Amino acid sequence: MVSLVHSAGLTGIEGYIVTVECFFSGGLPRLDIVGLPGKAVSEAGERVRAAIKCAGFDWPVSRVTVNLAPADVRKEGPVYDLPILLSILAAAGQIEPLPEDALFLGEVSLTGALRPVAGALSMALAARDAGFRRVYLPAGNADEAAYADGITVYPVPALGPLLAHLTHGQPLTPCPPPAPPAPADAALDFCHVLGQQAVKRALEIAAAGGHNVLLSGPPGSGKSMMAGRFAGILPPLSAEERLEVVRVWSAVGRGAEAARMPGRPVRAPHHTTSAQAMAGGAARAGRPPLPGEISLAHNGVLFLDEFPEFHKDVLEVLRQPLEDGVVTISRAAGRVTYPARFQLIAAMNPCKCGWYGTPRCTCSPREVRQYLHRLSGPLLDRIDLQVAVQPVSYAALAARGERSEESSADIRRRVLDARARQAARFAGLGLRVNADIPPAYMAEFCPVDTAGQAMLQAAFDRLGLTARAYDRLLRVARTAADLAGQEVIGAAQIAEALSYRTLDRMG
């Protein structure tokens, strides 16, 4: 007798259907798992054997062959423990054949408890798209799998309740729809940032238009403090964006954490991070590449403090994702493409000692240039706003408690208004924010009046802007005009956008 149990696998963040077939034949008792199993899959037999005995069933005294189809795709991870176990019990006649419209996945402990697996949401979505009506998975994956609408998700704590549900009419409770995310941390509010109105304005423009920002200023000027509050003025994740985020985090086994995330993801890797950790790569030899920091920041914020201190190869890894919004990773174990549409917020000192432009600076002009040259021109071209952060004035510090600063909620309201204008402008085009405007639409969406055109021409010649920097400057001006409620970009918006090209002027 051959039993069939449906399961799923994961490639990148895409799920695919796997059929687990079990066959008994004569010969000495043994278990063979075929179909390109990885190490964790090959070891499933020992876990399954112990779990079957702990559940009160008999291990078959026969030669058991388990095939994972399609047989030409390598299967990785413990996700196949549960379907292998069920296929053996069904082939032995100890349980009824499994329903054709159900899909099973999960790691099984020696006692029969089910442990969470990576990629549960993507596999549940693949099951839905393949026509399955229900999926049974570990209870620890329930929060993320709930985002797979159109299919009934059953969280399973252990083997016993699952078998009681399948054979004894003791139903499991389906997973409810996703709960609303928890409120954001109120402690991180711009009302606690004293002064720095110009920098707050730049961050407001960045949030409204989806632009990348580089903050350059001396130590203690509030760069990290403001960057840490940036996510609080961004719009909440849409249902589509949250689904994308949870799928990426699910691929590294953190889908439940992403499902409970109060706002957009914020990643802040240390400057000693490797290029592989930033872009993504294999966790172990032979495993498919996993998402890196830039993909975990998808639809959110990537904050890089001490920007020039990152290794050059790490910084250059950012160039393609900043332009295309995806990262393609090729390794011996496979080639995958992950989404990586994030907002870069970088912070740096203006020189090695950190005090360039003040009497405290001890760096020579040559040392300042060498420090700035750690950032390549092509990388800086992809950063829309380059903002000089000045030290906080004494007057701002002395007025603490006497003068109230604008809150994140007030800034976010203006950001949402500007985003609403962009949504109306880009309706039906698949664009989200001004930073995404392709060159083909620049003339239509970024009209500039006569005075603005004259200012642009003068700046283009004086600063030696590239075509990419020119387009990014126009997109920033477009966002400033949206915040002002203007459809045509004027000289004031061009001048403001030019003011955010600090490093171009220093070069």
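Each residue of the range 463-477 in turn: what ³J(HN,Hα) in whole Hz from Karplus with 6.51, -1.76, 1.60 and θ = phi - 60°, glycine and Pro shown as x?
Result, ordered by residue: 8, x, 5, 7, 4, 5, 5, 4, 5, 5, 4, 5, 5, 5, 4 Hz.
Residue by residue through the range 305-313, which ³J(HN,Hα) values in whole Hz follow from phi under the Karplus form 6.51 cos²θ - 1.76 cosθ + 1.60 (θ = phi - 60°), with glycine and proline marked x?
So the J values, rounded to whole Hz, are 7, 6, 3, x, 7, 5, 4, 4, 5.
What is the local net charge at residue 260, summed over the other residues whose Cβ is closer than 12 Å to its Cβ (Lys, Arg +1; Asp, Glu -1)? Don't skip to the end; give the middle numbers.
Numbers: positive: 242, 254; negative: 143, 144, 257.
Here the count lands on -1.
Once R0 is set to 25 Å, what does the formula 1/(1 + (r/R0)^6) return for the Cβ-Cβ distance between residue 450 and residue 484, expressed as a FRET efficiency to the nearest 0.05? It would help to have the intermediate numbers written out before the result.
Details: r = 18 Å, r/R0 = 0.72.
In this case the efficiency is close to 0.90.
Quick check on the chain: of the DSSP beta bridges with both residues there, what percent are antiparallel, nearest 5%?
Working: 28 of 58 bridges.
Given both bridge residues lie in the chain, the antiparallel proportion sits at roughly 50 percent.
By per-residue mean of other Cβ atoms within 10 Å, what is the highest-first order of 46-59, 168-181, 87-100, 69-82? List each step's numbers first, then the result.
Numbers: 46-59: 16.7, 168-181: 11.9, 87-100: 18.5, 69-82: 20.3.
Sorting 46-59, 168-181, 87-100, 69-82 by mean packing, highest first, produces 69-82, 87-100, 46-59, 168-181.
Where nothing but the Cβ of Lys and Arg (+1) and of Asp and Glu (-1) is charged, how large is the charge dipole of the range 85-146 around its Cα centre, in debye to the nearest 20? Don't skip to the answer; put the middle values down first.
Values: 4 positive and 7 negative charges, 8 e Å.
About 40 debye.
Compute, for the chain, the length of the dipole vector about the Cα centre, with Cβ point charges of +1 (Lys, Arg) and -1 (Asp, Glu) only. Units Debye, rounded to 20. The partial results should precede the final answer.
Working: 51 positive and 49 negative charges, 202 e Å.
About 960 debye.
Please work through the chain and write down the cysteines that have no neighbouring cysteine Cβ at a distance under 4.7 Å.
22, 54, 175, 191, 353, 361, 446
For a Förster distance of 35 Å, can you work out the FRET efficiency between the beta-carbons of residue 170 and residue 4, rounded to the nearest 0.05? Could you put the intermediate results ahead of the total?
Values: r = 24 Å, r/R0 = 0.68.
With a Förster radius of 35 Å, E is 0.90.
May I ask for the net charge around residue 224, where only other residues with Cβ less than 14 Å from the Cβ of residue 224 are counted and Lys, Arg are +1 while Asp, Glu are -1?
On the way: positive: 223, 229; negative: 305, 306, 309.
Neighbour charge sum, excluding residue 224 itself: -1.
Is there a quick way to get the dipole size of the range 125-215? I mean about its Cα centre, with the Cβ of Lys and Arg at +1 and of Asp and Glu at -1; what is the value in debye to the nearest 20? Display every interim value, and only then the final one.
Values: 5 positive and 7 negative charges, 35 e Å.
Computed about the Cα centre, the dipole is about 160 debye.
From the helices alone, meaning DSSP H stretches of at least four residues, give me the mean residue ellipticity at 222 nm for the chain, per-run term -39500 (n - 2.57), in deg cm²/dmol to the nearest 500. Working shown, then result.
Numbers: 23 runs with 192 residues, N = 507.
Taken over the chain, the calculation gives -10500 deg cm²/dmol.
So for the chain, taking the charge dipole from beta-carbon charges (+1 Lys/Arg, -1 Asp/Glu), which of 426, 190, 93 sits furthest toward the positive end?
Positive-end residue among those listed: 190.
Farthest toward the dipole's positive end in the chain, which of 388, 326, 481, given Cβ charges of +1 (Lys, Arg) and -1 (Asp, Glu) about the Cα centre?
The listed residue farthest towards the positive side: 388.
To the nearest 10 Å², what's residue 273's accessible area with a 1.4 Å probe?
20
So what J values fall out for the range 376-383 if you push phi through Karplus, 6.51 cos²θ - 1.76 cosθ + 1.60 with θ = phi - 60°, rounded to Hz, Gly and Pro as x?
6, x, x, 6, 5, 4, 8, 9
Could I have the simple spin-label model distance between residue 187 and residue 46, label points 7 Å from Cα toward Cβ, reported in nm to one decimal?
For the pair residue 187/residue 46, the computed spacing is 4.4 nm.
The values are calculated or read from the model by the stated rules, or taken from the named source; none is laboratory data. Note that the coordinates shown come from a computational prediction; the quantities given were computed from them, not determined experimentally. Note that each Cβ is placed from the backbone with ideal geometry, even for glycine, and that neighbours are counted across all protein chains shown. Heavy atoms of the whole protein, side chains included, go into the accessibility calculation; ligands, DNA and RNA do not. Shrake-Rupley method; radii C 1.70, N 1.55, O 1.52, S 1.80 Å.
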